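Remarks on the structure that follows.
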Amino acid sequence: MCWPARSTMSRGANPQGTSPSLFTPENREAALEKQGGPSPSYPGRMSRAVRRDVDWRDGCPMACVFRNRRACVGGSAGALCLTWAWRHFVAMLFVPRRHPPVHVKRSKKMNGSRWAPVGRWMRVALAVGVLGACGPQVDEDSLVAEDASKEVESYSSTERALPLDPYADAVVQSGVIAVISPGNAVGPPDGNVASFLSLLGGSLLLDMGEGEEGTGPLRIYYRGVSLSVLAQVDFLRADMSLISTGQVSLLNLGIGTHSALVPFNSATPYRYVRLRGGLASLYSVDAVEDIGFGGAGFCGNGRVDAGEQCDDGNTTSGDGCGASCLVEPGYTCSGTQPSVCTDTNECTNGTAQCSLNATCTNTPGSYTCTCNPGYSGTGWICNDIDECANGTAVCQPGELCVNTPGSYNCVAGACQPPSVQCGSQCVNVTSDASNCGACGNVCGEGEICSASACMPDEITMQIATSWARPGDGDLVVRTPSGKLIHNGNRGPSVATDFGSMDRIASSGWGPERVLWYASAPPPSGQYDVCFNAVAYLPPPSMLYPVSYTITVKRIGQPDLVVWRFAFSASSGSDCSPDHPSYVTSFTYEGRP
């Protein structure tokens, strides 16, 4: 008779109630005493009857190899069975048997030297059969949850003394199918791998550890993927019942250890994880890690915890969920284990701030605005380009260039007096200095076109300064539109309201001057004037002040003369009534 399955017995029990260990001195002495001492044929050894009896009581008899294979699988009995078979295999294969000499009269038809090797090889075959009987079975549906849990419990209580960690603590041998070196998947990643042979229906059952049940997504550390593999992961309770199943794509990312995250959304902790491979795929597992280990949330664990807006399982910026687990501008994130972030198309959802005369282009996390042809600007502001005024328009002789938004038109015979057609443009010959009185009549330098005639360009307004002792004084003028004129922005240009600083002095007594011509008159309004005493020897002080004069001349208005002292050195390009270098203000009402 054979032992019943271990699910009906506690560890260490057997039908006779004796110890399950074959190799302890107690068993050996008890068996020798029970059977009347050592075998007469083999001194110091147990007789065949004793060894057979101990084999029966030890839980792995020869009959069980053929009658009840499940009774020998796993636990202490399974380990003992494997040890027995291995020792007998090695001993019978390599160690010669030391039998005492026995003199037997042989017949002609009997040859003992021929039958002895045959017997030895039969014993080798028997040991191999025991190894196969007591090894892990591939019929996974017949696994008993109680057997697996007892097996892991035995391992944990006798061998494991590891600190709490988020990695697998043990391999459930009864759940291993077609995996080479399954123990390499235990503990943190170290480069040693358990190799899956998924072509053979590979499966690897790992125990996360008692008190270390998993609560978050599972990170798989893997190597050796030649093709993309779709692996399946079962999350199991302590009683081996299924909680949920997830899938993960293991990508071919080259040499080295890589990782992939398996989502887990259940509130029930998992004690075991079963890894299965995709069809006809080979890969290796280095370790598995519970990302939610310990219950403490942290950015990058693939689960949205308190204080986080998202968590996509990494701390990389630029993918929608930033390094601090905050949603990045231009993205929306959904899901909590892990978050999935997608780019927001501002160009189509109406949130882009581009000009109506610009083209919006969506980019990851943002967008760009580009002015359309015929317009110029930043994209947020686009102004029409006047092709007729800047000379880029191409019209035939006798045609008038008419600017339009974003383009222009050439209109034949539309140039009306006093304008005339000059080339591709229609110009007013009464005031155009390049076509004064006729096409191509260009006024000279310092001249303007007035009433179709070139005449000297007179000064409309000027502001000048000079000082009483040698040194460097700077004049600064603010126009009514806020434009600043100084030695770093001399004009004439739009930036100076077409005023021009035509004289500067860095030594001597000056002068420095800002003026406007009648061809580009100064704007009406208030002007502010400032003076900086930049460099004098000795420096300006209460003992050695620098005296200076500001003179303003305007057509149709009396001159303005202001005399002041500078008691300290100053510099700069700003000017306003509250500035330290401020001197005076005046109003220009325009030419009468």
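Summary value for segment 457-588: 30 percent relative contact order, contacts being C-alpha pairs under 8 angstrom separated by 6+ residues. A 1.4 Å probe run over segment 169-290, with the rest of the protein chains in place, finds 39 Å² accessible per residue. Rounded, prolate or oblate: which fits segment 330-482 when a ≥ b ≥ c are the square roots of the eigenvalues of the alpha-carbon gyration tensor, with rounded for a/c under 1.5 and prolate only if a/b beats b/c? Because a/c hits 1.5 or more and a/b fails to exceed b/c, segment 330-482 counts as oblate. As a calculated quantity, the FRET efficiency between Asn487 and Cys454 at R0 = 25 Å, using C-beta atoms, amounts to about 0.20. A protection proxy built from the mean count of other Cβ atoms within 10 Å ranks the segments 551-561, 331-341, most packed first, as 331-341, 551-561. Based on Cα contacts under 8 Å between residues 6+ apart, segment 393-512 shows a relative contact order of 14 percent. Other residues with beta-carbon under 11 Å from the beta-carbon of Gly525 carry, at +1 per Lys or Arg and -1 per Asp or Glu, a net charge of -2. Remark: spin-label model distance Thr332-Ser570 equals 5.7 nm, labels positioned 7 Å along the Cα→Cβ axis.
The values are calculated or read from the model by the stated rules, or taken from the named source; none is laboratory data. Predicted, not measured: the structure shown is a model, and the values here were computed from it. Cβ: placed from backbone, ideal geometry, glycine included. Neighbour counts: every protein chain shown. Ligands, DNA and RNA are stripped out before the accessible areas are found, and what is left, the full protein with its side chains, is counted by its heavy atoms. Shrake-Rupley method; radii C 1.70, N 1.55, O 1.52, S 1.80 Å.
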